[in-house]
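Colleague: Supplied in structure tokens, the structure appears directly below.
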Amino acid sequence: MNLEIEYKSLSDLIPYARNSRTHSEAQVKRLAASIREFGFVNPILISSGNDIVAGHGRALAAEKLGLDLVPTITLGHLSDTQRRAYVIADNRLAENAGWDSQMLAIEIDELAGCGFDMDLLGFENFRELEAEIVDNRKLENVIEGDTEEDEAGEFEPDLPDENAEKKIEAKLVLTITCESDDQLEELFQELNERGFKVRV
């Protein structure tokens with residue numbers, strides 16, 4: 001099966017009336033900003049009859065940008081039932097992906113240092129972005145007892161460069177299951193001594 005990109009008039013594309021995925025005005029604006037920055041690199045998927053299968057948000061963004069022609073890929077091999085199912089699956093399967101928190105933190109830190117517009121990454125705001133960044137390296141260090149300490153014996157978190165245009169503070173959300181009350185008490189005391197906020 002060979003899939004080809006074909007530019008079609010945006011006005012010829014037909015939104016799926018039973019599309020269950022919603023697109024807020026704020027999201028459409030972010031999609032439009034992404035298209036301006038990176039180009040229309042993700043074609044709209046359509047049926048043989050020009051019905052939109054995937055890319056309703058991108059179509060709305062293209063309309064906001066005043067685009068006449070948009071890249072499309074026709075999924076002529078899908079049955080009507082498969083097409084309807086894929087409208088849901090295309091969105092849901094993407095939601096099942098996760099993040100490598102440590103790698104995300106590294107990339108975000110370097111992009112911020114380059115002065116890149118972080119709003120183009122698609123997060124609602126930097127609080128949401130911070131919530132996605134869980135420092136796995138510090139988690140491993142806590143478990144292995146290899147955290148670095150300063151002369152006063154206090155834990156010094158390794159935060160991004162303060163000179164970055166937008167500083168993101170790494171956060172640690174840690175859940176530990178202990179096998180005994182003694183182990184719980186020992187770990188609770190150790191983490192408190194290291195300056196972590198601990199709730200049991």
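Read-outs: derived from the displayed coordinates by stated rules, not from any lab. Everything numeric in this text was worked out from a predicted model, so none of it was measured. Because the Cβ atoms are built from the backbone with ideal geometry, glycine has one as well, and the counts that use them run over all protein chains shown.
Colleague: Using a basic spin-label model with each label point 7 Å from the Cα along Cα→Cβ, how many nm lie between SER180 and THR81?
Modeller: 5.8
Colleague: Considering only DSSP states other than H, G, I, E and B, which chymotrypsin sites (Phe, Trp or Tyr not before Pro) in the stretch 1-99 qualify as loop sites with at most 13 other Cβ atoms within 10 Å?
Modeller: TRP99
Colleague: A further question follows. Quick check on the stretch 5-95: what are the equivalent-ellipsoid semi-axes from the Cα gyration tensor, as sqrt(5λ), descending, whole Å? Show your work: numbers first, answer last.
Modeller: Working: eigenvalues 83, 49, 25 Å².
In descending order, the three semi-axes are 20, 16, 11 Å.
Colleague: For the stretch 9-56, which trypsin sites (Lys or Arg not before Pro) are in a loop by DSSP, counting at most 13 other Cβ atoms within 10 Å?
Modeller: Values: sites: ARG18, ARG21, LYS29, ARG30, ARG36; in loops: ARG18, ARG21.
When the trypsin sites (Lys or Arg not before Pro) of the stretch 9-56 are filtered for loop state and at most 13 Cβ neighbours within 10 Å, ARG18, ARG21 remain.
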